[in-house]
Amino acid sequence: MVDLREDEATKALTIDASKVIGVDAGSGCLSEVFQLTHDCGVPFVAAKEKLEALLAELPGGVARRNGLPGFFRSLTDRATSGLPGEYHIALCSGSSSSVTLHRPNGRRAQMSGDEFSRKYTHISDAAVAEQKWQRAWQQAAEMCCHGPNCASGKSCSSGKRQQGRCILTGITLPFWNKIEKLGGKKAPKLHIVRAVLGGEKYVGIELPSLSAGRFEEVDPPPPRCEPAEEEEEEDDEEDDEEEEQKLATTGGDARPKAKFESDGEEDDNFA
């Protein structure tokens, strides 16, 4: 299951649009499509906290001789991608045999120790690491990993930290034939998704990000009316009628008449 959660600091998950595409006649359950934007990027503050947690696991809280864990940059710049003087940056952890790279756009990669040592170098200056990380994080909001010279232009979402997601919640079986056709000749790979946003949970099937327009919107059912208050008013009217009848039979005084019987003796207490 893919778990998407809102982050109060970064607003990592937002609902852009939603529409009801079906209503179950028996239960009234709604089938609803949600169009979301998920920002999976990691700002430098979060990356620094991650590094501190990794260091705390080591003896003495100090990085190894090879600089792991720590911030690293690529040895070659990104000139071929149209970004001369810019470098790939990552928070790296692992050992001499295998290294995990955590990037500003939220992606992770694995490298062997030998490959990593040939391609990356340690950043010892914390201020330089912050400057390079924040720049890469900001670029990933609008630019794909191929750089400004990408043949697909702005439509390419590879490596962007903000990704569109489409979720179908509620009853899905009536739309299964349409879902199967979303992938063209190949059946789409479907994942169960749970999105937590604003205290609400949305559980459903993740569809291709641009498939919301394939479903027609329907009007949701009107809210059900509860006649409980009207019935109480009717009961009050019946009580009023009973009171009026009692007043008529008692000559206008509905209070019960007290009856006193005397046995001819006086109460000593009132003598």
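Please treat every number below as a calculation from the coordinates, not as lab data. Note that this is a predicted model, so its numbers are computed, not measured. Heads up, the Cβs are rebuilt from the backbone with ideal geometry, glycines too, and the neighbour counts pull from every protein chain shown.
Numbers below:
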item	result
The range 116-164 and the range 90-110: distance between their alpha carbon centers, rounded to Å	14
Relative exposure of R118, R161, judged by other C-beta atoms within 10 Å (fewest first)	R118, R161
When the range 44-139 is reduced to its Cα atoms, the Kirkwood hydrodynamic radius in Å	13.6
Gain in span if fully extended, A109 to V203, counting 0.36 nm per residue against the direct Cα distance	31.0 nm
Over 27 Å between alpha carbons, listed pairs K50/K189; K132/K201; K160/K189; K48/K201; K154/K201; K48/K189	K50/K189; K132/K201; K48/K201; K154/K201; K48/K189
Net charge over other residues, Cβ less than 10 angstrom from the Cβ of C145 (K, R count +1; D, E count -1)	+4
Segment H191-A17, length gained on full extension (0.36 nm per residue, minus Cα span)	60.6 nm
Extension reserve of the E130-E49 stretch, reckoned as 0.36 nm per residue once the Cα distance is removed	27.9 nm
Cβ-based net charge around R161, under 12 Å, with every Lys or Arg adding one and every Asp or Glu removing one	+1
Net charge contributed by nearby residues that have their C-beta within less than 12 Å of K19 (K/R +1, D/E -1)	-4
Relative exposure of R73, R194, R107, judged by other C-beta atoms within 10 Å (fewest first)	R194, R107, R73
